[in-house]
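Before any comments, here is the structure.
The values are calculated or read from the model by the stated rules, or taken from the named source; none is laboratory data. Everything numeric in this text was worked out from a predicted model, so none of it was measured. Every residue, glycine among them, receives a Cβ derived from its backbone with ideal geometry; neighbour counts consider all protein chains shown. The protein model used for the area step is the full one, side chains on, heavy atoms only, and it has no ligands, DNA or RNA in it. Shrake-Rupley method; radii C 1.70, N 1.55, O 1.52, S 1.80 Å.
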Amino acid sequence: MMLCDMNWLCLCLYDEVLMVFLELKCAWHVTKGLFGSEIDFGKMATGQLFSKTTQALFYNYKQLPVQQMLDFDFSCRRETPSVAGIINPGSEGFQKLFFGQEEMAIPVHSTVEAACAAHPTADVFINFGSFRSAASSSMSALKQPTIRVVAIIAEGVPESDAKQLVAYAKANNKVIIGPATVGVIQAGAFKIGDTAGTIDNIIQCKLYRPGSVGFVSKSGGMSNELYNTIARVTDGIYEGIAIGGDVFPGSTLSDHVLRFNNIPQVKMIVVLGELGGREEYSLVEALKQGKINKPVVAWVSETCATLFKSEVQFGPVGAKSDGEMESAQAKNQALKDAGAVVPTSYEAFEGAIKETFQKLVEEGKITPVEEVTPPQIPEDLNTAIKSGKVRVPTHIISTISDERGVEQRYAGIPMSTLVEEGYGVADVISLLWFKRSLPRYCTRFIDICIMMCADHGPCASGAHNAIVSARAGKDLISCLVSGLLTIGPRFGGAIDDAARYFKDAYDSGLTPCQFVEGMKKKGIRVPGIGHRVKRGDNRDKRVELLQRYARQHFPSVEYMEYAVKVETYTLSKANNLILNIDGAIGSLFLDLLEGTGMFTKQEIDEIVEIGYLNGLFVLARSIGLIGHTFDQKRLKQPLYRHPWEDVLYTK
């Protein structure tokens, strides 16, 4: 126990010492520079970070920023997409996205390690995780040998975590952009996430091809504004980066300015700082020491902070001043004194950029790039539909239910009405099957039919199949389906046929004798007539109950009475040729549909033809089949094997 406590104490002390060391190191860098000694700018990539072949892994999938990256790739005429893979903890598979007109599947991995192993050429890790998970996932990425750059989008990553990430990255010569960054864009080559906004803004800012200006900013929001400004007065951005607004960024303004200084294609540098912190002073020192030999146009925003009597925070965590040296005015003056071009106000910033660029052109140091026309990005279908540019046929028509809106509706009736007004299952059937709210005597009849057809014992074909399947260890759905598949003309599926033949015969004026003998000549058994167990002297009680209910409640029972007359004729031929449950339900449903006055003749014919009435048997018998399945599983019955003595083995 004491050993565990000591280990825990050592870890805590290590974290505290590391944090203090990093704070002292940061302070030493700035302070040492302020007193005129040469500043140590630390380990950092010395040139270009990205190219037209750079690929990234995207952590914590967000559809919009990934699609924006792919649209940018297409506008830059990249041959390969910049997103090699997606990391979604706990899930694997593919995400469908577009690369221009073509749809593509991007692999999804469950861990950072698996993604890096699968995509060894992807050396950029884009972290869209929350501030709670960003640190651990970023550290996992930094520890992968294939990862070179980590961009952390989340704002508010705990300072202790940020310091550990920065220390690890510096020790291993890796680059962190962020936390709280909107990302990076290398014009015509590569961009991270939401950087530079929509594709329309990217086109307007000419970011689909490289310019001559390197741009670095703390603010992600102001970056988009500056991309537009720079595009108006120069030949555009070569690379733009927002380092992030948190107190401890993974890389600094001076880190990237020094990088730009080593990139031949970058001819001038634009810097946008903000009040708070002292990292602009490292840029001041770099300028004083002659480490930057390209023109730097700089502005530190939030100069209005001096108008407030108390400390004011502007947006990001780091945008607040803790002293005179951290004010925007002091930084602007220091940058100007060090040789940067610093305008008198933000409004004059654009003019200063323009003037510097034109001077370089006149000196022959910049040859403005030739303008090219980027390929047209296909518009998403949903966007085009909303704007009224296209019309698209739907794939499915539904007239019975609508789940859109506040609540579900069945045939136009809200779910709350069904519950509050006491609707039952039969009422729902009337709405979803017949698209009408049938009278109470009709829904009661449907209820009775469901109760009567729910089960007919374990020996019926459907129940037997369900029982055998259950005893074979099959799941509920398999057992149910095995029973339902036995339903057909010989078992439970004769309701529609009974209704169809009885209706045709009655409507044609055939006598029971003509009907039965005509069916016999055609070689067709009369559907709804005959039973394997019941006889004329032992009628099916279910049929009697249905007939009694109909005579009491239906306006007319003419089809049922015709079926009874047919039964009288068939009983004269054989004692088992009685009206069975299929025939009773089929004939009575005809009376129900006819008697309500709510259906046309054409609608009644269609209901019988489509198979509505057999649907009633399927629905009802499902209750019994499920019951038999549960019964066998509850009883823990073993695998069923049919006995030999019940099989006739013959040649």
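Per-structure values
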{"read-out": "Pairwise FRET efficiency - residue 481 versus residue 651, Cβ, R0 = 41 Å, nearest 0.05", "value": "0.70"}
{"read-out": "Given 206/354; 288/336; 96/206; 163/331; 218/354; 520/601, the pairs whose alpha carbons are separated by over 19 Å", "value": "96/206; 163/331; 218/354; 520/601"}
{"read-out": "At most 11 other Cβ within 10 Å, DSSP loop - GluC sites (Glu not before Pro), the range 230-287", "value": "none"}
{"read-out": "Set of lysines near residue 474 by C-alpha distance (under 25 Å), chain-local residues within fewer than 8 positions excluded", "value": "633, 636"}
{"read-out": "Potential extension, residue 96-residue 361 segment - 0.36 nm per residue separation minus Cα distance", "value": "90.9 nm"}
{"read-out": "List 433, 299, 644, ordered by accessible area with a 1.4 Å probe, largest first", "value": "644, 433, 299"}
{"read-out": "Relative contact order (percent, whole number), the chain, Cα cutoff 8 Å, 6+ residue spacing", "value": "9"}
{"read-out": "Packing-based ranking, highest mean first, of 82-88, 355-361 given that Cβ atoms within 10 Å are counted", "value": "82-88, 355-361"}
{"read-out": "Phi to ³J(HN,Hα) by Karplus 6.51 cos²θ - 1.76 cosθ + 1.60 over the range 270-275, Hz, x for Gly, Pro", "value": "10, 10, 10, x, 8, 5"}
{"read-out": "The chain, helix-only ellipticity at 222 nm - DSSP H runs n ≥ 4, -39,500 (n - 2.57), divided by all residues, nearest 500", "value": "-14000 deg cm²/dmol"}
{"read-out": "Contact order normalised by residue count of the range 215-300, Cα under 8 Å, 6+ apart, percent", "value": "33"}
{"read-out": "Residue 416-residue 568 pseudo-label distance in nm [points 7 Å out on the Cα-to-Cβ vector]", "value": "5.6"}
{"read-out": "Residue 109 - accessible surface, heavy atoms, 1.4 Å probe, Å² rounded to 10", "value": "30"}
{"read-out": "In degrees, nearest ten, helix 601-610 long axis to first principal axis of the chain (Cα)", "value": "80"}
{"read-out": "Placed amide H near residue 401: partners under 5 Å, 5+ positions off or other chain", "value": "411"}
{"read-out": "Evaluated over the range 496-651, the Cα radius of gyration and Dmax, each in Å", "value": "18.9, 60"}
{"read-out": "Kirkwood hydrodynamic radius of the range 105-155, from inverse mean 1/r over distinct Cα pairs, in Å", "value": "11.2"}
{"read-out": "Packing rank of 221-233, 243-255, 508-520, where each peptide gets the mean count of other beta carbons within 10 Å, highest leading", "value": "243-255, 221-233, 508-520"}
{"read-out": "Hull shadow area, averaged, the range 373-432 [alpha-carbon convex hull, nm²]", "value": "6.3"}
{"read-out": "Those aspartates and glutamates that a straight Cα-Cα span of less than 16 Å connects to residue 522, excepting residues fewer than 8 apart in one chain", "value": "497, 504"}
{"read-out": "Helix axis angle, 541-553 relative to the chain longest principal axis, alpha carbon, degrees", "value": "80"}
{"read-out": "Contour excess over end-to-end distance, with Cα ends at residue 103 and residue 333 and 0.36 nm allotted per residue", "value": "77.6 nm"}
{"read-out": "Principal-axis tilt of helix 425-434 within the chain, Cα atoms, nearest 10 degrees", "value": "80"}
{"read-out": "Per-peptide average of other Cβ atoms within 10 Å, ordering 175-185, 612-622 highest first", "value": "175-185, 612-622"}
{"read-out": "Relative contact order for the range 65-176, counting Cα pairs under 8 Å that sit 6 or more residues apart, in percent", "value": "18"}
{"read-out": "Stretchable slack from residue 407 to residue 324, in nm (0.36 nm times residue separation minus alpha-carbon distance)", "value": "24.0 nm"}
{"read-out": "Cα-projected label distance for residue 383 with residue 77, points at 7 Å along beta-carbon direction, nm", "value": "2.2"}
{"read-out": "Kirkwood Rh, angstrom, the range 320-413 [1 / mean 1/r, Cα pairs]", "value": "20.8"}
{"read-out": "Proximal aspartates and glutamates to residue 52, defined as alpha-carbon separation beneath 15 angstrom and excluding residues fewer than eight positions away on the same chain", "value": "71, 73, 79, 123, 239"}
{"read-out": "Calculated on alpha-carbon atoms, Rg and Dmax of the chain in Å", "value": "39.8, 122"}
{"read-out": "Accessible solvent surface per residue of the range 104-218, calculated while the other protein chains remain in place, 1.4 angstrom probe, Å²", "value": "31"}
{"read-out": "Over the range 191-250, equivalent-ellipsoid semi-axes from the Cα gyration tensor in Å", "value": "20, 12, 10"}
